[in-house]
1. Relative contact order of the chain: what whole-number percent is it, with Cα pairs under 8 angstrom and at least 6 residues apart?
2. Based on a Kirkwood Rh over C-alpha pairs, give the Stokes-Einstein translational diffusion coefficient of the range 3-82 at 10 °C and viscosity 1.306 mPa s in µm²/s.
3. Taking only the alpha-carbon positions of the chain and ignoring solvent, what does the Debye formula give for the base-10 log of I(q)/I(0) at q = 0.08, 0.17 Å⁻¹?
4. Would you calculate the volume per residue, in Å³, of the smallest convex hull containing every Cα atom of the range 100-162?
5. For the pairs Lys77/Lys116; Lys124/Lys152; Lys84/Lys136; Lys72/Lys152; Lys72/Lys124, flag any whose C-alpha to C-alpha distance is greater than 20 Å.
6. Let me spell out the model: positive unit charges on the Cβ of Lys and Arg, negative unit charges on the Cβ of Asp and Glu, origin at the Cα centre of the chain. What dipole size does that give, in debye rounded to 20?
7. Choose one of Gly142, Val121, Leu159: the residue whose Cα lies farthest towards the positive end of the charge dipole of the range 100-162 (beta-carbon charges +1 Lys, Arg; -1 Asp, Glu; about the Cα centre).
8. What number comes out for the charge environment of Phe53, summing +1 per Lys or Arg and -1 per Asp or Glu over other residues with Cβ under 14 Å away?
Amino acid sequence: MNASEFTAIVHETKDVVLRAVQKHLAAQFYEAIDDVVQETYLRAYKSLAAGKFEGRSTLDSWLYRIAANESKRMNGKLLQEQKKIQKLSRSTTAYSPAIDCEELSLMPVIEMLPDKYKDVVKLKAQGNNEWEIATKLNIPKGTVKSRLSRGKDLLLRLLQEEL
């Protein structure tokens, strides 16, 4: 399979793939449509190049199924991330009853963090999600997640030192 053949396949099937993604990807995760479509075509290309498409179905229905499965996989992945964030926010608010929020502003403490953690924590505190932070700072999403985790740990230590 050469690039022009695969390009023709993408051009002919893009509507089918997009319909599958829109149908099976949860609306709250629509920001991930591009990722799902890309992963769909990547899997399809690998299978086509390896000769795994046997032709028992039409190419359209085969790609539809791949896109539906990728959408469901992405739903699960992003739902788990949401649960982690909710769990983390519940665990960080568990400390707040002992702290009078009016007396304590977190910003001076956040300013004490190293720059790579400070930037990520500030953007998160402003209500940005991990995708938005990654885009704004031009860093991978995984880096955002690790810096948020480490930044929150440092922030907690700094807060405990101040109390």
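1. On the way: 93 pairs, mean separation 30.6, N = 163.
Answer for the chain is 19 percent.
2. Taking Rh from Cα pairs, D becomes 124 µm²/s.
3. Listed by q, the Debye log ratios stand at -0.38, -0.99.
4. Numbers: hull volume 4.8 nm³, N = 63.
Measuring per residue, one finds 76 Å³ for the Cα hull of the range 100-162.
5. Numbers: Lys77/Lys116 26 Å; Lys124/Lys152 11 Å; Lys84/Lys136 22 Å; Lys72/Lys152 31 Å; Lys72/Lys124 27 Å.
In this structure, Lys77/Lys116; Lys84/Lys136; Lys72/Lys152; Lys72/Lys124 exceed 20 Å between Cα atoms.
6. Working: 26 positive and 22 negative charges, 136 e Å.
Using only the charged Cβ atoms, the result is roughly 660 debye.
7. The listed residue farthest towards the positive side: Gly142.
8. On the way: positive: Arg43, Lys46, Lys52, Arg56, Arg65; negative: Glu5, Glu54, Asp60.
Result for the local shell: +2.
Values in this text are rule-based calculations from the coordinates and carry no lab data. Model, not experiment: these values are computed from the prediction. Positions of Cβ are backbone-derived with ideal geometry, glycine not excepted, and every protein chain shown enters the neighbour counts.
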